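Some notes on the structure that comes next.
Here, each number is a calculation from the coordinates, and none is a lab measurement. Because the structure is predicted, anything quoted here is derived from the model rather than measured.
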Amino acid sequence: TEPALHELQPAVSILIPAWNEHGTIERSLQSLQQIDYPNWEALILAGGQDGTFDTAQQVAAGDPRLRVLPRGPEPKNVAITRGIEAARYDLLVLLDADSLVEPNWLRELVKPIVQGAAGSFGMHYPARETWVSLAEEMGFIKA
């Protein structure tokens, strides 16, 4: 018997810790809003002195899939833990605040999980090119 559609596309919570990401968070969230996936939410844990929280709130306004939570200067792992506690769904995805994703990104990311994998790794595009992001991309290509 065929699995039900909700089993093939389980609900997903995307956690995005963002600290001083004013220059990239808007484009990142706009790329998320283009995702072609039926049931997902993004929790943006945003803060910093550069207006990241306000920018995230402006982009998220009116989109029930995006929830912006205030973040202090705590370490990234603490922010992620707070996101896990606030997540509505059991399937969790971690995404950097300076990442751009394609519309089919989440669908492809979830496929291995549905097929029984314990985890999955998906590609994203950095919102800003730096020597660090270019070196990381080269590492992914090599792998």
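Side notes on the structure shown:
- Vicinal HN-Hα couplings computed from phi for the range 82-94 (Karplus, 6.51 cos²θ - 1.76 cosθ + 1.60; Hz; Gly/Pro x): 4, x, 4, 5, 8, 5, 7, 10, 7, 7, 10, 10, 9
- Rg/Rg_globular for the range 1-106, with Rg_globular taken as 2.2 N^0.38 Å and Rg from C-alpha atoms: 1.07
- Under 5 Å from the amide H of TRP40 lie the amide H atoms of VAL12, each residue being 5 or more positions distant or on a separate chain, with H modelled from the backbone and absent for Pro and chain starts.
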